[in-house]
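Asks: First the structure, which I've put down as structure tokens, then a few questions once you've had a look.
The values are calculated or read from the model by the stated rules, or taken from the named source; none is laboratory data. Remember, predicted model here, so these are calculated numbers, not experimental data. Cβ atoms come from the backbone with ideal geometry, glycine included; neighbour counts cover every protein chain shown. What goes into the accessible areas is simple: the full protein's heavy atoms, side chains included, and nothing from ligands, DNA or RNA. Shrake-Rupley method; radii C 1.70, N 1.55, O 1.52, S 1.80 Å.
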Amino acid sequence: MEALLVVDVQNDFCTGGALAVPGGEAVVQGINRLWEGYACKVLTQDWHPPGHASFASSHEGKQPFDTGMLDYGEQVLWPDHCVQGTPGAAFHPELRTDGADLVLRKGFRPGIDSYSAFFENDRTTPTGLAGYLRERGVERVLLTGLATDFCVGFSALDALASGFETVVLEDLCRGLDMEGSLSRMLDDIRSRGGRIGSGLA
Ligand code: VGL
Ligand code: ZN
């Protein structure tokens, strides 16, 4: 069985949002068209408590998009975004969410970020998604959403590492592309056996 994984299509990642991905909202209609076709549909929702460790505002002297040191290592520090229960954390209003099998929230531990839908950024804390998909009989995961080079990409790499056939539907994703991060991520996915495909074709 195949699963459609829709990653972080939330207001804060769309135009006008706190951490806008250029053209983020452009993926919505195409994802909606695929929606009915999958027996397993999973949405992820970036879901941070106020004062989350991934926010630059939580670190004295740091600006958004600086690099910072968290308990588990270095990572990018972000503008405050997807704060639990705020409008920015809600799904894009036109995204179909009816009939989702699972809405997986991630990044809710105050000290740990979670780009991937499978493992948090400490690379050891599982979200439980691999077990869920396996128990449902899923063998192949198709990924869509935001951002290609962060949450979609890390989810794809972990899907591969967890033994799922993995396809990124590139035209139903949009990236941040910070210093070449987009092409690096796509190369990485390909080199580990993932496929980069189209959801519109
Ligand atoms: C994301 C940065 C921080 C994403 C989430 O959804 O790609 N990026 N939090
Ligand atoms: Zn986040």
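Asks: What are the pairs with Cβ atoms under 7 angstrom where one residue, in the range 12-28, is under 14 Å from Phe91 (Cβ atoms) and the other, located anywhere, is open to solvent by 60 Å² or more (accessible area, probe 1.4 Å) and within 11 Å of ligand 1 (Cβ to nearest atom)? Sequence gap at least six, or different chains.
Replies: Gly24/Arg174; Val27/Arg174
Asks: Just to be sure, is Ala117 within 14 Å of ligand 1 (Cβ to nearest atom), open to solvent by less than 60 Å² (accessible area, probe 1.4 Å) and modelled with pLDDT of 95 or more?
Replies: The answer is yes for Ala117.
Asks: If I ask for residues that are within 13 Å of ligand 2 (Cβ to nearest atom) and over 19 Å from the mean Cα position of the chain (by Cα), which ones from the range 65-89 would you list?
Replies: Passing the criteria: only Leu70.
Asks: Here's something else I'd like to know. Which ones in the range 157-168 are at negative phi and over 13 Å from the mean Cα position of the chain (by Cα)?
Replies: Leu160, Ala161, Ser162, Phe164, Glu165, Thr166, Val167
Asks: Additional query: Tell me, yes or no, whether the range 19-36 has at least one residue that is open to solvent by less than 10 Å² (accessible area, probe 1.4 Å) and assigned to a strand (DSSP E or B).
Replies: No, the range 19-36 contains no residue that is open to solvent by less than 10 Å² (accessible area, probe 1.4 Å) and assigned to a strand (DSSP E or B).
Asks: Pairs, please: C-beta under 6 Å, at least 6 apart or cross-chain, first residue under 17 Å from Arg109 (Cβ atoms) and in the range 52-70, second in a loop (DSSP other than H, G, I, E, B) and aliphatic (A, V, I, L, M)?
Replies: Listed by first residue and then by second, the contacts come to Gly68/Leu77; Leu70/Ala53.
Asks: Further, regarding this structure: What are the pairs, 6+ residues apart or on separate chains, where a residue within the range 141-167 that is surrounded by fewer than 22 Cβ atoms within 10 Å (Cβ to Cβ) has its Cβ under 6 Å from a residue that is assigned to a helix (DSSP H, G or I)?
Replies: Final answer for the pair search is Ser162/Ala130.
Asks: Scan the range 90-114 residue by residue and report those that are within 14 Å of ligand 2 (Cβ to nearest atom), open to solvent by 10 Å² or more (accessible area, probe 1.4 Å) and not in a loop (DSSP other than H, G, I, E, B).
Replies: Answer for the range 90-114, where residues must be within 14 Å of ligand 2 (Cβ to nearest atom), open to solvent by 10 Å² or more (accessible area, probe 1.4 Å) and not in a loop (DSSP other than H, G, I, E, B): Leu104, Arg105.
Asks: Can you tell me which residues in the range 175-201 are out of contact with any strand residue (DSSP E or B) (no Cβ under 6 Å at 6 or more places or on another chain) and not in a helix (DSSP H, G or I)?
Replies: Gly175, Leu176, Asp177, Met178, Glu179, Gly180, Arg192, Gly193, Ala201
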